[in-house]
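Heads up, the thing below is written out as structure tokens.
Derivation of every value follows stated rules applied to the coordinates shown; laboratory data play no part. All figures in this text were calculated on a predicted structure; none of them were measured in a lab. Quick reminder, even Gly has a Cβ in these numbers, built from the backbone with ideal geometry, and neighbours come from all protein chains shown.
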Amino acid sequence: MRSARPSRAQRGFSLLEAIIALAILSVGVLSLAQLFPLATNANIAAKESTYATVLAAQKLEELRARAWTFDAAGVPVTDPALLTGEGTDYVDRSGNAVDAADPPPGAAAFVRRWSIVPLPASPEHTVLIEVRVRPHVRHADGVGDRRWPGEARVVTVRTRKAP
């Protein structure tokens, strides 16, 4: 005759085993939950950096489209905007230029700075164009070579080509 008492394998988990399994599961879930804010912040930073790069590329293409050639007689033709040396403008979150003011306008989401410098090897015919875009931060010092979080820096060389 068999005993009415179930064997150890048939009885299932004890309360202690269930509590230990629940504790291990809780630690794992809480560890994963901490990754969500980190991932969200990384996505926001990547979005700003990507958008800053697009804004820098747009300004760079705008400057490259300016006249920097020779005319039919071989005389250099230069758009005066390429001789200004540097400039700053402000852009909102939609990518539209915001009228510059001092202090910068409240709608500004990005600060876009550019510089145009003649190369010493051929100053009459070759310029270095650099565009830097960074998120607009109130009371931030934008001077120097410090790289800002989310900043994009695009550089190109423009050379006059003979006709």
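Working out 0.36 nm times the residue gap between Gln34 and Ala18, then minus their Cα-Cα distance, what length gain in nm do you get to one decimal?
Roughly 3.3 nm would be gained on extension.
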- Cα centroid separation, region 42-67 to region 69-103 (Å): 15 Å
- Task: Output the direction-averaged projected area (hull surface divided by four) of the convex hull of the alpha-carbon atoms of region 33-159, in nm².
- Result: 9.9 nm²
- Assign unit charges at the C-beta atoms only (+1 for Lys and Arg, -1 for Asp and Glu), then state the dipole size of region 33-159 relative to its Cα centre in Debye, rounded to the nearest 20. 440 debye
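Out of all DSSP beta bridges in region 33-159, what portion is antiparallel? Express it as a percent rounded to 5. Let's see the in-between values first.
Details: 28 of 28 bridges.
Once the DSSP bridges in region 33-159 are tallied, antiparallel ones form about 100 percent.
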